[in-house]
1. Go through the range 126-135 and count every residue that is crowded, with 18+ Cβ neighbours inside 10 Å and over 16 Å from the mean Cα position of the chain (by Cα).
2. Can you name every residue in the range 195-210 that is within 24 Å of Arg145 (Cα to Cα) and in contact with a helix residue (DSSP H, G or I) (Cβ under 8 Å, 6 or more places away or on another chain)?
3. Using the structure shown, decide if Leu224 is within 28 Å of Val123 (Cβ to Cβ), touching a residue at least 12 places away in the same chain (Cβ under 8 Å) and either surrounded by fewer than 16 Cβ atoms within 10 Å (Cβ to Cβ) or not aromatic (Phe, Trp, Tyr) (or both).
4. Given the conditions (1) assigned to a loop (DSSP other than H, G, I, E, B); (2) modelled with pLDDT under 95, which single one is not true for Ala21?
5. Give just the number: which of (1) touching a helix residue (DSSP H, G or I) at 6+ places or on another chain (Cβ under 7 Å); (2) assigned to a strand (DSSP E or B); (3) of a type in the set (A, V, I, L, M, F, W, C) does Leu80 not satisfy?
6. If you check Val121, Val138, which single one turns out to be in contact with a strand residue (DSSP E or B) (Cβ under 6 Å, 6 or more places away or on another chain), surrounded by 24 or more Cβ atoms within 10 Å (Cβ to Cβ) and not small (Gly, Ala, Ser)?
7. Which residue out of Tyr101, Tyr94 is at pLDDT below 95, under 24 Å from Phe238 (Cα atoms) and either surrounded by 14 or more Cβ atoms within 10 Å (Cβ to Cβ) or of a type in the set (Ser, Thr, Tyr) (or both)?
Amino acid sequence: MRGLLTLGATLVLAAPDLCLAQAVAVSAGEAVASEAGAKIWVGRYEEFEEYLRTAPIDRIEKVGEGVTNPDRAFFAPGGLAACALVKILPPKRYQGFWESYKSEIAAYELDRLLGLDMVPVTVERRIKGDRSSVQLWVNDCRLLREAGSAVPARPREWGRQACRRLIFDALSANIDRNAGNILIDGDWNLILIDHSRAFIQNEMPGLDEIIQADRQIFAALKALDEQSLNEHVKPWLFGKGSVKDLLERRDKIVSRLEKLIRDRGELSVFPFDVG
């Protein structure tokens, strides 16, 4: 079983029990990482959504990396945001994988329902005449793979976020998570990007790796319902992806955590709520 950590210059997939070890090792008085950090959209979702949909675009350039060949749209100076990541990906197979710009929006909407604030604001907009996803470009961040020898200053909070990431990727059937699509800011807040391959196949990557959580995401998982998912997520699903499959994945995650609680106790499963 594996969990997400960084050690040295590479992404290390190590036993998630280390999340618990980190939490126990840190004193109860540990400061919590900034709620926002580089996440300037937190608490201003509708404002940023409207801006990304309607703000005049000065120019569009190729990002220059990424297998989906995304663009970067620059807005007129002085606005709410400087630029955004654009993906023009009509639902189909690309290099052997089903992908869609719609999955980027579905990931943001699911993140909002769960209250995670890990996926930047993402909306649909026509770019160059094509429907596309437009995602807020988050500044003052670096890719996790670029962290080098740096280590999280707040291990408890890092462990909590790493466990949330595992849950989110299993729930969204994201088969493409790697150190090149995870951002970290100066406070080691996790920011998740690149979900074009999510939701499409009913897979659950990392389900066996989920052994810890926090009570907030556990409650949010259980609160997910068909009505809210139909309203916010279903419009962006395609192919084999469905709300029914998403809820089935949710049930498997909740059942797994409930069994772990019975077998190991709440303190073992919810170590981040202590202290």
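The values are calculated or read from the model by the stated rules, or taken from the named source; none is laboratory data. Only a predicted model underlies this, so the values are computations on that prediction, with no experimental measurement involved. We place every Cβ from the backbone using ideal geometry, glycine too, and count neighbours over all the protein chains shown.
1. 2
2. His195, Ser196, Arg197, Ala198, Met204, Pro205, Gly206, Leu207, Glu209, Ile210
3. yes
4. (1)
5. All conditions pass for Leu80, except number (2).
6. So the residue among Val121, Val138 that is in contact with a strand residue (DSSP E or B) (Cβ under 6 Å, 6 or more places away or on another chain), surrounded by 24 or more Cβ atoms within 10 Å (Cβ to Cβ) and not small (Gly, Ala, Ser) is Val121.
7. Tyr94
Conditions (1) over 21 Å from Val42 (Cα atoms); (2) in contact with a Ser or Thr (Cβ under 8 Å, 6 or more places away or on another chain), marked per residue:
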{"site": "Ala153", "(1), (2)": "yes, no"}
{"site": "Asp169", "(1), (2)": "no, no"}
{"site": "Ala173", "(1), (2)": "yes, no"}
{"site": "Arg177", "(1), (2)": "yes, no"}
{"site": "Leu190", "(1), (2)": "no, no"}
{"site": "Phe199", "(1), (2)": "yes, yes"}
{"site": "Glu203", "(1), (2)": "yes, no"}
{"site": "Asp225", "(1), (2)": "yes, no"}
